[in-house]
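Take a look at the structure below.
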Amino acid sequence: MKYPSLRFVFDRKHVATKKKRGLVQLEVLSEGKRKWIGTGVKLYSDQWSDRKKVINSSEMLQLNQRLDEMMRVIQDWVNDLIRKKEAFEFEKMDAFLKYFNHSENYIEFLERRINERNDITDIAFIQSIFSKEKSKNRRFSK
């Protein structure tokens, strides 16, 4: 099984100058396909070093910590896939990032668990669970 490589890319679209900021993105590369993940970090052209990441900024320690943490979270997830001997898929990564970045409600939790489990195949059963939960949520939200 092949697993992705990760790296930071600064100013992929070549817009950064000394007066205009460019984005730092995390590139996930697997089997010739790429996915770009935004980091929320924007820098001027003289504030990036491929070796040291953020430089020449009063916030460079915090920004570098933020970038390192993002890289660590995704790398830990990939390492977990390797330990479990599961194949890497971009769809799995998207699902991981979606649920990692926000808290999910009960219905989203059920949907995720049903998708993760391979032993639940009865569509009528699944639909009845969702309709019951949605009606409960409507009653409590009024």
Quick check on my link table: of LYS13/LYS85; LYS18/LYS92; LYS42/LYS98; LYS42/LYS84, which ones sit more than 29 Å apart, alpha carbon to alpha carbon?
LYS13/LYS85; LYS18/LYS92; LYS42/LYS84
Hey, can you find the accessible area per residue of region 1-63 for me, probe 1.4 Å, expressed in square angstrom?
70 Å²
Under Karplus coefficients 6.51, -1.76 and 1.60, residue-wise ³J(HN,Hα) of region 45-52 in Hz, glycine/proline x:
4, 8, 10, 10, 10, 4, 7, 9
Just the accessible area for LYS132, please: 1.4 Å probe, Å², rounded to the nearest 10?
130 Å²
Is region 11-72 best put as rounded, prolate or oblate by its Cα gyration tensor, with a ≥ b ≥ c the root eigenvalues, rounded for a/c under 1.5, and otherwise prolate when a/b is larger than b/c, oblate when not?
oblate
As a test question: what accessible area, to the nearest 10 Å², does LEU23 have when a 1.4 Å probe is rolled over all protein chains in place?
80 Å²
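The values are calculated or read from the model by the stated rules, or taken from the named source; none is laboratory data. Small disclaimer: the values here were computed from a predicted structure and weren't measured. What goes into the accessible areas is simple: the full protein's heavy atoms, side chains included, and nothing from ligands, DNA or RNA. Shrake-Rupley method; radii C 1.70, N 1.55, O 1.52, S 1.80 Å.
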